[in-house]
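The values are calculated or read from the model by the stated rules, or taken from the named source; none is laboratory data. Predicted model, so just to flag it, every value in this text is computed and none were measured. Cβ placement follows ideal geometry from the backbone for every residue including glycine, while neighbour counts extend to all protein chains displayed. In case anyone asks, the SASA skips ligands and DNA or RNA and just uses the protein heavy atoms, side chains included. Shrake-Rupley method; radii C 1.70, N 1.55, O 1.52, S 1.80 Å.
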Amino acid sequence: MMAGISIWQLVIILGIVVLLFGTKKLRNIGSDLGGAIKGFKGAMKDGEEEATKNIEKKDDDLTATTAKKEETKH
């Protein structure tokens, strides 16, 4: 006995799902899921860009602060 699911079992499950929900509803679910994933990826990209900008700003602030301290010492 195999521990995994065979291709025939997957085909039967897919057939039952199509009979229960219908192809139109499954298509809508698929497009909604795709849109959600696309939105999530966009939000992640925006978050990374914002984080990069914040890091660059902190680096600039640190450089300016260090320069002021050096001017004060001389």
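Key figures for this structure:
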{"quantity": "Residue satisfying condition, being basic (Lys, Arg) and at pLDDT 90 or above, within set LYS53, LYS38, LYS24", "calculated": "LYS38"}
{"quantity": "Where a residue in region 38-58 is among the aliphatic types (A, V, I, L, M) and open to solvent by 100 Å² or more (accessible area, probe 1.4 Å) and its partner, wherever it lies, is assigned to a helix (DSSP H, G or I) and at pLDDT below 90, with Cβ under 9 Å and at least six apart", "calculated": "none"}
{"quantity": "Unique residue being at pLDDT below 80 and not in a helix (DSSP H, G or I) when the list is ALA64, ALA3", "calculated": "ALA3"}
{"quantity": "Condition met for LYS24 (surrounded by 10 or more Cβ atoms within 10 Å (Cβ to Cβ) and basic (Lys, Arg))", "calculated": "no"}
